[in-house]
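Structure record follows, encoded as structure tokens.
Read-outs: derived from the displayed coordinates by stated rules, not from any lab. Small disclaimer: the values here were computed from a predicted structure and weren't measured. Positions of Cβ are generated from backbone atoms using ideal geometry, with glycine treated the same way; all protein chains shown enter the neighbour counts.
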Amino acid sequence: MPLADQQDLNTESMAETNQYPEKRTGELNWRAYKHTKCGETTVVSADTLDAVCNPLAPVPVTWCSTCNDMDVLAEFTWTDTDESLVAFRARMNNLISPFWRTVSSLSFYIAVASGVAAAIGGATIPDATAWKVGASVIGFFLGLGLTGTAINGVIEAMNGLRFSEYR
């Protein structure tokens, strides 16, 4: 059996047993997922593909282009592997170090935002009530802006990962 045929056979048998390879497949420009409710396929590319694949991106839902419905990721499976988007993102999450998962978590954002709120409030707002309300709100958004979701791109670059390159 030629090597190319054997590789195809191996990939096929992995898909049948729900054991997906965790190796890079190269730059993917697009990928398709199936909406389990209507059974139809949607093709995603570019930023949408990156967001759906990135386990650190705050993407709880995605869109079906056929039935025009937004639905939770658990209702979609990749057409090439039959793996759910939730399972795929969980597997990709395992490729990220605990440090970077912590840095990109909402808890980390809140801690940074609280620190900024305390610094601004302590330096500029003497009234305790105003500090609690005003500085907390201002600090939260400043802290969120300082860390932001841009950290996800930094994490991908630092780890040499681009989640859309995996099957």
How high is the relative contact order of the stretch 46-98, given as a whole-number percent (alpha carbon pairs under 8 Å, six or more residues apart)? 31 percent
With no solvent and one equal point scatterer placed on each C-alpha of the stretch 25-94, evaluate the Debye formula and give log10 I(q)/I(0) for q = 0.24, 0.29 Å⁻¹, two decimals. -1.14, -1.62
Options N93, A51, V61, ranked by Cα towards positive dipole end of the stretch 25-94, top entry (Cβ charges): N93
Highest mean packing first, using Cβ neighbours within 10 angstrom, the peptides 86-92, 36-42, 73-79 sort as 73-79, 86-92, 36-42
How big is the dipole moment of the stretch 25-94 about its Cα centre under a simple scheme where the beta carbon of each Lys and Arg is +1, that of each Asp and Glu is -1, and everything else is neutral? Debye, nearest 20, please. 120 debye
Around K37: net Lys/Arg minus Asp/Glu count, Cβ-Cβ under 12 Å: -3
